[in-house]
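The values are calculated or read from the model by the stated rules, or taken from the named source; none is laboratory data. Predicted, not measured: the structure shown is a model, and the values here were computed from it. Here the Cβ positions follow ideal geometry from the backbone for every residue, glycine too, while neighbour counts run over all protein chains shown. Areas reflect the complete protein model, heavy atoms only, side chains present, ligands, DNA and RNA absent. Shrake-Rupley method; radii C 1.70, N 1.55, O 1.52, S 1.80 Å.
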Amino acid sequence: MPTHLVVHNPMGHAPQVSGKALAPRLDTLNGRTVYIVDCRFDDSDILLKTVQAWFSEHMPAVKTVYKPIRNVYTRDDPLTWQEIKEGGDAAIIGVGH
């Protein structure tokens, strides 16, 4: 009896991505507000709260704001980005793992 083997190609098709320039560096973070943005990927809150604690211990002159996005990581969150633009000087965006 013949055996049939079905093989699927796991190679996906990556979307087109257009690069964006990085924001200019700040001369210092002292006295500045840094948003620590949680994209709500698996366990990212654990990582980012640890980053926030590091700032508190090592750079107490930096104000940090832990901010989870309003949606899941696959959806844009314009309200959060606007809040950061209006109230922050910098942002760290993390996804965990």
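Computed values, structure above
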| quantity | calculated |
| --- | --- |
| Positive-end residue, segment 1-66 charge dipole about Cα centroid, Cβ charges, pick of S18, H58, C39 | S18 |
| Whole-percent carbon and sulfur share, accessible surface of the chain, 1.4 Å | 56 |
| Cα-based equivalent ellipsoid of the chain: semi-axis lengths in Å, sorted from largest, via gyration tensor | 38, 17, 13 |
| Cα centre as origin, Lys/Arg/Asp/Glu Cβ charges: segment 1-55 dipole, Debye | 220 |
| Angle in degrees between helix 78-87 and the longest Cα principal axis of the chain, rounded to the nearest 10 | 20 |
| The chain, dipole about Cα centre (Lys/Arg Cβ +1, Asp/Glu Cβ -1), debye to the nearest 20 | 160 |
| Candidate lysines - alpha carbon under 22 Å from K63, same-chain residues fewer than 8 apart omitted | K49, K85 |
| Selected from P78, P68, V95, residue furthest toward positive end of dipole (the chain; charges at beta carbon) | P78 |
| C-alpha long axis of helix 44-58 to longest principal axis of the chain, angle in ° | 30 |
| Solvent exposure, largest accessible area first (probe 1.4 Å, DNA, RNA and ligands not counted), of V62, V95 | V95, V62 |
| Using a Förster distance of 25 Å, the FRET efficiency for V72-D27 (Cβ separation, nearest 0.05) | 0.10 |
| Per residue accessible area of the chain, 1.4 Å probe, in Å² | 83 |
